[in-house]
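Accompanying notes for the structure given below.
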Amino acid sequence: MSDPRRNRFKTYAGVLVSVLLATLAGWVLWRTFQRISFADVLTQMQAVPASRLALAGLCAAAAFTVLAFYEVAVVRYVKHCIGRAKPMLTAFIAFPLGHAIGQAMLSGGALRYRMYTPAGFSATEVGATVLLANMPYGLCVGLLLDISLVAAAEMLEPMFRISSEWLRVLGVIGLCKDAGYVLLILLRKKPVKLGGWSVNLPTPAMTALQLLVGLADVFLVSSVLYLLLPESVGLTFLAFLGAYLASILAGVLSHVPAGLGVLESMLLLLLPDVPPEQLLAAVLMYRVIYEIIPVLIALALWGTFEGFARDGVLLRLFGRQGRVTRAESPAIDSSE
């Protein structure tokens, strides 16, 4: 198959998957709201203890803080030390907005390009920073899902409607893939060719850091939702993690911003023992804590940066206008 035909096939396949997942999500949510009322969901939200809300908020804050410190390490790895303030500020802006807008590599990449080019980064260096910044989550979502399939196959069997033996097989195949990537990092020193691009693989030390950051990030983010579920459900964290990560992957494949609707519908399908009004209440609070509040903070930080930072839009604009005014003003003769 020629490259143009292959590219068209990939495009059509991606669109088809997105449409199917979005349609499934809409159907599941419509069926669910036929059985419950939004008032029931609000009642369940009000019943969540304040201590659990506070703990979930701390988990969300810790997740973004881990990513901010990792951004500092990535910037130093790609180019040089430009201090901690700008990379951390960039992370607190790019990660929430990239997740909310969707296509985090593109939207977060555009924000990083805006933040790092004034510091002397080339387009290639910004691209490398974007790729490395998003790798921990991608690596560890798959890794933890594979571990869940192997370690909690019996608990996941009724959720996925697949026998525990097949779940273990899928998990082992996934773990072999994860181990193969680590071996590639350890053994291959030359760049890898990807679609005409030559990509340098991360060093073993950077890969180890990515795995640690990714595990911490996924654990903290999934804990936000797990803490908001009712204690009466009696669902172990490992079993919940398998359902949560499968729902996240479905949301990513759908290309819907933040997996809106897809995450909810997949969790409703995979967690049938959780009362739907309680599950939807938990997911709504999860979105407020992990998505809406961080986005508002990110917008405030971005606006503050553009208004007051040395390379922000306002100071650069007014500074340029000031230079033009001084250039056009007549010189003052000091002898007068």
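Remarks
- Within the stretch 254-274, the only residue that satisfies the criterion of being over 17 Å from Ala152 (Cβ atoms), free of Cβ contacts under 8 Å to residues at least 60 places away in the same chain and not in a helix (DSSP H, G or I) is Leu260.
- Test: residue in the stretch 123-134 that is modelled with pLDDT of 90 or more, part of a helix (DSSP H, G or I), under 30 Å from Leu271 (Cβ atoms) and touching a Gly at 6+ places or on another chain (Cβ under 8 Å): yes
- Note on the stretch 131-152: residues that are over 12 Å from the mean Cα position of the chain (by Cα) and not polar (S, T, N, Q) total 12.
- Candidate set from the stretch 45-60 (those that are outside any helix (DSSP H, G or I) and over 15 Å from Val288 (Cβ atoms)); member that is nearest to the chain's Cα centre (by Cα): Pro49
- The residue pairs whose first member lies in the stretch 39-51 and is closer than 13 Å to Pro230 by Cα, whose second member is outside any helix (DSSP H, G or I) and of a type outside the set (Phe, Trp, Tyr), and whose beta carbons are closer than 9 Å, counting only pairs six or more residues apart or on different chains, are Gln44/Pro230; Gln44/Pro275; Ala47/Pro230; Val48/Pro230.
- Number of residues in the stretch 258-278 that are in contact with a Pro (Cβ under 9 Å, 6 or more places away or on another chain), closer than 13 Å to Val233 by Cβ and either crowded, with 20+ Cβ neighbours inside 10 Å or modelled with pLDDT of 85 or more (or both): the value is 3.
- For the stretch 156-164, the criterion of being free of Cβ contacts under 8 Å to residues at least 12 places away in the same chain, closer than 23 Å to Ala128 by Cβ and in a helix (DSSP H, G or I) is met by no residue.
- Selection within the stretch 230-253 - part of a helix (DSSP H, G or I) and hydroxyl-bearing (Ser, Thr, Tyr): Ser232, Tyr244, Ser247
- For the stretch 83-115, the set of residues classified as among the hydroxyl-bearing types (Ser, Thr, Tyr) and either over 18 Å from Phe308 (Cα atoms) or more than 20 Å from the chain's Cα centre (by Cα) (or both) consists of Ser107, Tyr113, listed by residue number.
The values are calculated or read from the model by the stated rules, or taken from the named source; none is laboratory data. Here the structure is a predicted model, which is why all the values come from computation and not from measurement. Don't worry about glycine lacking a Cβ; one is built from the backbone with ideal geometry, like all the others, and counts go over all protein chains shown.
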